[in-house]
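Have a look at the structure below, then the notes.
Nothing in this text is a laboratory measurement; each read-out follows from the coordinates by a stated rule. The shown structure was predicted, so the numbers you read here are calculated from the model rather than taken from an experiment. Glycine gets a Cβ as well: all are built from the backbone with ideal geometry, and neighbour counts include every protein chain shown.
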């Protein structure tokens with residue numbers, strides 16, 4: 001699937017409020033949408049063109065009053081700009097990780113510097129979920145260094161690149177999008193870790209038969225829930241799974257599934273916003289298998 005082959009579905013929410021948009025999102029959350037954006041008066045949903053089924057959308061929306069919707073094909077680079085924001089500027093994660101555009105001025109200080117060509121795929125660090133994952137990785141450096149790491153849904157490869165710079169012994173990066181795979185490879189080479197990251201095109205089934213100390217997944221909640229059993233099977237004893245790509249309000253559903261598989265939450269739910277003030281605060285979980 002080429003990342004440029006996406007459908008943008010605009011669901012009109014009336015009367016509009018962020019809370020009402022969140023309710024509508026809950027009704028369509030089981031469909032294979034990659035991401036959601038709230039823009040008054042719409043909930044905009046993005047899905048790969050090959051996965052879009054209008055009849056399934058109508059059925060899901062019938063339970064919440066069948067709000068009107070329209071769809072259109074969008075270019076992958078436009079969808080990325082919606083998430084990443086135009087004007088990619090350097091960002092800092094706890095003063096230790098710096099992510100900057102390739103060719104721009106290098107940041108001073110910090111331990112890990114990552115340069116990216118972000119125009120081809122998702123993941124510059126500006127989006128809260130990417131920032132949260134980078135931050136959580138810093139807390140797992142002891143497992144990452146010398147360990148086996150996989151980044152499921154790698155996008156630009158920013159998480160895999162950090163793992164390689166942390167001196168992981170093995171780093172695999174996987175994405176269903178061929179353009180993202182190309183982007184991750186180019187960014188890995190740009191950061192001089194291309195020979196240490198194996199990038200491949202695939203889905204969660206690529207984890208089968210693997211054995212990892214750290215599994216990274218910054219992807220949609222529904223994909224995480226479907227993939228968790230495979231993640232658990234591929235996780236080494238005492239290993240950790242770092243998850244993001246979902247709202248704080250969805251954390252309990254992810255935790256419930258994880259507990260059923262024998263994965264325990266190692267720390268509080270990570271977030272950069274107060275979920276009581278913003279119901280759409282993004283979250284990150286650190287889960288550990290029993291030793």
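Using only helices, what value at 222 nm comes out for the chain when you add -39,500 (n - 2.57) per DSSP H run of length 4 or more and divide by the total residues, to the nearest 500 deg cm²/dmol?
-9000 deg cm²/dmol
Could you bin all the Cα-Cα distances of the chain into 5 Å bins starting at 0 and give me the percent of pairs in each, rounded to whole numbers?
1, 6, 12, 16, 19, 17, 14, 9, 4, 2, 0
Ranked highest first by the average count of other Cβ atoms within 10 Å around their residues, in what order do 182-191, 30-39 fall?
Per-residue Cβ counts within 10 Å, averaged per peptide and sorted highest first, yield 182-191, 30-39.
I need the Kirkwood Rh of the stretch 122-289: take the reciprocal of the average 1/r across all distinct C-alpha pairs and report it in angstrom.
Value: 15.5 Å, from the Cα pair sum.
Using only the Cα atoms of the stretch 6-74, construct the convex hull and provide its projected area averaged over every direction, in square nanometres to one decimal.
3.9 nm²
Cα axis of helix 128-138 to longest principal axis of the chain: angle in degrees, 0 to 90, nearest 10?
Roughly 20 degrees between the two axes.
I'd like the distance separating the alpha-carbon centroids of the stretch 261-287 and the stretch 207-260, in whole Å.
Between the Cα centre of the stretch 261-287 and that of the stretch 207-260, the gap is 13 Å.
If you bin every alpha carbon distance in the stretch 200-291 into 10 Å steps from zero, what whole percent lands in each bin?
Whole-percent P(r) values from 0 Å outward: 17, 52, 25, 6, 0.
Go ahead and set up a Gaussian network model of the chain, Cα springs under 10 Å, then flag whichever of 200, 265, 68 fluctuates most.
Highest fluctuation among the options: 68.
Calculate how steeply helix 18-28 sits against the longest principal axis of the alpha-carbon atoms of the chain, using the helix alpha-carbon long axis, and give the answer as 0 to 90 degrees to the nearest 10.
Computed tilt is about 90 degrees.
Treating the angle as unsigned and between 0 and 90°, give the value, to the nearest 10°, between the Cα long axis of helix 251-260 and the longest Cα principal axis of the chain.
For 251-260 against the chain, the angle is about 60 degrees.
Kindly work out what percent of the DSSP beta bridges joining two residues of the chain are antiparallel, to the nearest 5.
Around 55 percent antiparallel, to the nearest 5.
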